[in-house]
Amino acid sequence: MFLDYFALGLLCFAALAVFYGIIVIHDIPYEIAVERNHPHQDAIHAAGWVSLLTLHVLWPFIWIWAMLYREDRGWGFRAKESDNMAQLQARLALLEQQLAAQSVNSQKDLPHSD
């Protein structure tokens, strides 16, 4: 009789552990999205819950979606466009300073007619 109750308790514990494990696993993409400050955090979280209804068939795609974005470089593997734009603006400002310095120097060299 004791073994019957022990087996039932073990079965209930295993079922709860599997249920809790599935809930924890489905939330991994959302945790990644929060850590990376993903702009679609809420959509990823909702898609994770929908994935539970599809027996986690969608889960790999949600994980990829969460991993594609990083705050420092944006989407994918290349640098953000704003970083490139900042570099171009800095280079333009430097060239403008050099041009202004050259024009001042060339005006000093010209003879003045009074």
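Brief remarks follow.
- Failed item, numbered, when Leu58 is tested on (1) at pLDDT 90 or above; (2) open to solvent by 70 Å² or more (accessible area, probe 1.4 Å): (2)
- Within the range 73-114, considering residues that are of a type in the set (Asp, Glu) and either part of a helix (DSSP H, G or I) or open to solvent by less than 90 Å² (accessible area, probe 1.4 Å) (or both), the one modelled with the lowest pLDDT: Glu81
- Failed criterion for Ile32 (all others in (1) part of a loop (DSSP other than H, G, I, E, B); (2) touching a helix residue (DSSP H, G or I) at 6+ places or on another chain (Cβ under 9 Å); (3) open to solvent by less than 90 Å² (accessible area, probe 1.4 Å) hold): (1)
The values are calculated or read from the model by the stated rules, or taken from the named source; none is laboratory data. Computed from a predicted structure; not experimentally measured. In this analysis, Cβ positions are derived from the backbone assuming ideal geometry, glycine residues included, and neighbour counts consider all displayed protein chains. Areas reflect the complete protein model, heavy atoms only, side chains present, ligands, DNA and RNA absent. Shrake-Rupley method; radii C 1.70, N 1.55, O 1.52, S 1.80 Å.
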